[in-house]
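Q: Dumping the structure here so I can ask a few things about it.
Readers should treat all values here as calculations from the given coordinates under stated rules, not as data from a laboratory. These numbers come from a predicted model, not from an experiment. Every residue, glycine as well, gets a Cβ built from its backbone with ideal geometry; the counts of neighbours run over all protein chains shown.
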Amino acid sequence: MDPVVHFEMPYRDRDRMAAFYSKAFGWTMQMLGAEMGNYAVATTAVSDAIPDGYRGVINGGFFERKDDWPDQYPSVVIAVKDVRAKMKEITAAGGEVLGEPMMIPGVGDYVSFRDTEGNRVSILQALPQGR
């Protein structure tokens, strides 16, 4: 079973988005630069501070909304062992892989796909620990 490990949502104003989620929910944001698409990594929980009953809490991120990008809606990221093998499984199951995997430095290989219902979802093959 491949678990959901991350969520993503688009933003129009990164500073406004970060202020809202920090103020409303206490999340912390790591603002990445232009080389990473001005992505904002959202930490929603620290592993040693997760409340009882909330095992499996995930963190996420926000991407800049672009007029010419498709499928800019909240989505989830699923962890996989082999991103290229999973791309083949997604296609065989009726999904549509959206491009080629991109390497996220310090994280791993990432690619989005559309499921059979038209939802944009992503998969991530994480780098081995300690890299």
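Q: Consider GLN30 carefully, then state whether it is surrounded by 10 or more Cβ atoms within 10 Å (Cβ to Cβ) and in a loop (DSSP other than H, G, I, E, B).
A: Considered against the rule, which asks whether it is surrounded by 10 or more Cβ atoms within 10 Å (Cβ to Cβ) and in a loop (DSSP other than H, G, I, E, B), GLN30 comes out as no.
Q: Let me ask you something else. Can you spot a residue in segment 33-43 that is surrounded by 14 or more Cβ atoms within 10 Å (Cβ to Cβ), within 22 Å of VAL107 (Cα to Cα) and among the charged types (D, E, K, R)?
A: No - not one qualifying residue is present in segment 33-43.
Q: Got a number for residues in segment 106-122 being assigned to a strand (DSSP E or B) and either exposed (fewer than 13 other Cβ atoms within 10 Å of the Cβ) or not aromatic (Phe, Trp, Tyr) (or both)?
A: Result for segment 106-122: 8.
Q: Taking only pairs six or more apart or across chains, which ones have beta-carbon atoms under 9 Å, a first residue in segment 55-73 that is of a type in the set (A, V, I, L, M), and a second residue that is part of a loop (DSSP other than H, G, I, E, B)?
A: VAL57/THR44; VAL57/ALA45; VAL57/ILE50; VAL57/PRO51; ILE58/PRO3; ILE58/THR44; ILE58/ALA45
Q: Return the residue satisfying two criteria in turn: it lies in segment 1-14 and is touching a strand residue (DSSP E or B) at 6+ places or on another chain (Cβ under 9 Å), under 11 Å from PHE62 (Cβ atoms) and charged (D, E, K, R), and of such residues it is surrounded by the fewest Cβ atoms within 10 Å (Cβ to Cβ).
A: If we take residues in segment 1-14 being touching a strand residue (DSSP E or B) at 6+ places or on another chain (Cβ under 9 Å), under 11 Å from PHE62 (Cβ atoms) and charged (D, E, K, R), then ARG12 is surrounded by the fewest Cβ atoms within 10 Å (Cβ to Cβ).
Q: Looking only at segment 80-105, which residues are in a loop (DSSP other than H, G, I, E, B) and under 20 Å from PRO3 (Cβ atoms)? Spell out how you get there, then give the answer.
A: Of the residues in segment 80-105, the ones in a loop (DSSP other than H, G, I, E, B) are 80-82, 93-95, 105.
Of everything in segment 80-105, those that are in a loop (DSSP other than H, G, I, E, B) and under 20 Å from PRO3 (Cβ atoms) turn out to be VAL80, LYS81, ASP82, ALA93, GLY95.
Q: Answer yes if at least one residue in segment 82-90 is surrounded by 13 or more Cβ atoms within 10 Å (Cβ to Cβ) and either of a type in the set (Phe, Trp, Tyr) or closer than 21 Å to TYR11 by Cα (or both), and no otherwise.
A: no
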